[in-house]
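Enquirer: I have a structure I would like to understand better, so I am pasting it below and will then ask my questions one at a time.
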Amino acid sequence: MEHKAVFPEGFLWGTSTSAFQVEGAATEDGRAPSIWDSFCRLKGRVDNGDTGDVACDHYHRYAEDVALMRGLGVDAYRFSVAWPRVLPRGRGMANEAGLDFYDRLIDTVLEAGIEPWLCVYHWDLPQALQDLGGWANRDSAGWYADYTTLLARRYGDRVKRWITFNEFSVFTLFGYAIPWAAPGITDRGQHLRAIHHVNLAHGAGVDAVRALVPGASIGAVHNRQRVLPEGGKPENAEAAALLDEHWNLAFCDPQLLGHYPPRVARAIEPCVKAGDMARICRPMDWFGLNHYGPIFARVNPETTWGYGWGDAPPDSPTHGVGWAVFPDAFRDELLEITRRYRMPIVITENGCGGSDSPDESGDIVDQHRINYLQLYNASMHEAIRGGADVRGYFVWSLLDNFEWGSGYGNRFGIVHVDFESQKRTPKASARWYADLIKRARSAT
Ligand code: GBH
């Protein structure tokens, strides 16, 4: 069978979520606001005025969600911890009730025979730390290191897979330069400082986990996407090159190669102190890749850096919410990571949005998502045959959830969530994924 040749022993199949997008229970058991709670309340930032107050109510329904994963037959669950749940003021006194939630979650995941993959930071900085300047404050690296230490001490006996950050470039660029994400600031200086401080935080986090968790396997999750000049036009080439540095290289390169890419290096120089690059570049066990499709850049003098998002070619295929579908770019990205960084790769997110709704019989037939996942899995096979050392694959997402600026209108789940009743219904894609896992497993 074709799978046999492709998947190495121990290849892991998983599903991903993140705290702010699924937990809800925003004011329960001592949780304090994050920057996303604040951002949701700014007019016009999130579609429909949606918030994370209830989300998928995973905080109360986690056992049901773990049972769903068990039914799918997944090996691993990637989730994140909400910093303001465990450290409401961001630092100082820990909140025991918040820490207890992740004890319950981790234990339930382990009892189901599923491996927990813990992501320390998926964008929900405590508002109390934003009030001190957030990632633009150099102290943030120390705040993050202390927070990671707390988690490593508490969960390190049971959790061996650690992720420092999710998608560094998305939350720094969209948080500090193009205001599509919390905290919604547009300021070049703050953006540059945030890049450097988040890199320092990453390095300090790796050291904390390494020191405290025996047998830890540590990765960082990067959202690499090819950046192409819109329309293939030469006048968009420099915009694409700069966006490529901000988007794809400003974190991977310093963390894995020990230096910033050239344009970022020049601009960031005033933030860098002696010894910083060695603090950032710490040994890593694997490269976490979140991938959806390529992006397009065009000159836009009105933005912080003079570039903006461009359009995909008019004839390109798109999925549910209009993002371009280019499975070959996924293969190329995996091969490029292999060439540039020479390390094992875990696909920590891949998936497809849409407005899926039940038909008259209550079924959700998301054939568009099955088509997308099939194409991307075939590209992953090609990359593995081409020499990429891919060790696992996580679908984004287990559940329909709070899709950031798009609110609840854009559904990425393989399990449908009715946000009125909180009823979960596996979509056709969930059955397809369960079947894929079964076939892949019986072939190895
Ligand atoms: C990930 O972000 C996040 O980790 C996750 O929380 C989120 O729910 C998931 O993906 C789905 O969005 O400008 O049309 O070319 C991905 C963020 C997705 C941001 C692709 C830029 C470009 C789309 N990126 N997006 S487009």
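Enquirer: Assuming 0.36 nm per residue, please report the length gained on full extension of the stretch Arg431 to Leu335 beyond their Cα-Cα distance.
Expert: So the extension gain works out to 31.6 nm.
Enquirer: Mind telling me which of Gly386, Gly275, Gly205 comes out most flexible in a GNM of the chain, alpha-carbon contacts under 10 Å?
Expert: Among Gly386, Gly275, Gly205, the largest GNM mean-square fluctuation belongs to Gly275.
Enquirer: Right, something else. With point charges of +1 on the Cβ of Lys and Arg and -1 on the Cβ of Asp and Glu, referenced to the Cα centre of the chain, which listed residue (Ser140, Gly409, Thr172) lies farthest in the positive direction of the dipole?
Expert: Comparing the listed Cα positions along the dipole, Ser140 ranks first.
Enquirer: Next question, about the same structure. Leaving ligands, DNA and RNA out of it, work out the accessible area of Leu242 with a 1.4 Å probe and give it in Å² to the nearest 10.
Expert: The accessible area comes out at roughly 30 Å².
Enquirer: Please work out how much accessible surface Lys273 shows to a 1.4 Å probe, ignoring ligands, DNA and RNA, in Å² rounded to 10.
Expert: 120
Enquirer: Need the list of lysines near Lys427 for cross-linking: C-alpha distance under 30 angstrom, and skip anything on the same chain fewer than eight residues off.
Expert: Output for Lys427: Lys4, Lys438.
Enquirer: Here's a follow-up. Considering only protein heavy atoms and a 1.4 Å probe, what is the carbon-and-sulfur percentage of the accessible area of the chain?
Expert: Carbon and sulfur together cover 51 percent of it.
Enquirer: Top mean-square fluctuation among Ser397, Ser406, Ser316, Gaussian network model of the chain, C-alpha springs under 10 Å?
Expert: For the chain, modelled as a Gaussian network with Cα springs under 10 Å, the answer is Ser316.
Enquirer: Let me ask something else about it. On average, how much accessible surface per residue is there in the chain, in Å², for a 1.4 Å probe, leaving out ligands, DNA and RNA?
Expert: For the chain, the solvent-accessible area averages 37 Å² per residue.
Enquirer: Here is a follow-up. Springs between alpha-carbon pairs under 10 angstrom, Gaussian network model over the chain: which of Tyr155, Tyr176, Tyr121 fluctuates most?
Expert: Among Tyr155, Tyr176, Tyr121, the largest mean-square fluctuation in the Gaussian network model of the chain belongs to Tyr155.
Enquirer: About its Cα centre, how strong a charge dipole does the chain have in debye, to the nearest 20, once Lys and Arg get +1 and Asp and Glu get -1 at the Cβ?
Expert: Its charge dipole is roughly 1200 debye.
Enquirer: In the stretch 12-442, how does Rg compare with the Kirkwood Rh, expressed as the Rg/Rh ratio over alpha carbon atoms?
Expert: Radius of gyration over Kirkwood radius for the stretch 12-442 works out to 0.93.
Enquirer: List the relative contact order of the stretch 53-154 as a percent without decimals, with contacts defined as Cα pairs under 8 Å and 6+ residues apart.
Expert: It comes to 32 percent, rounded to a whole number.
The values are calculated or read from the model by the stated rules, or taken from the named source; none is laboratory data. If you're wondering where the values come from, they're calculated on a predicted model, not measured in any experiment. Neighbour counts run over all protein chains shown; Cβ positions are idealised from the backbone, glycine included. The accessibility values were calculated without ligands, DNA or RNA, using every heavy atom of the protein model including side chains. Shrake-Rupley method; radii C 1.70, N 1.55, O 1.52, S 1.80 Å.
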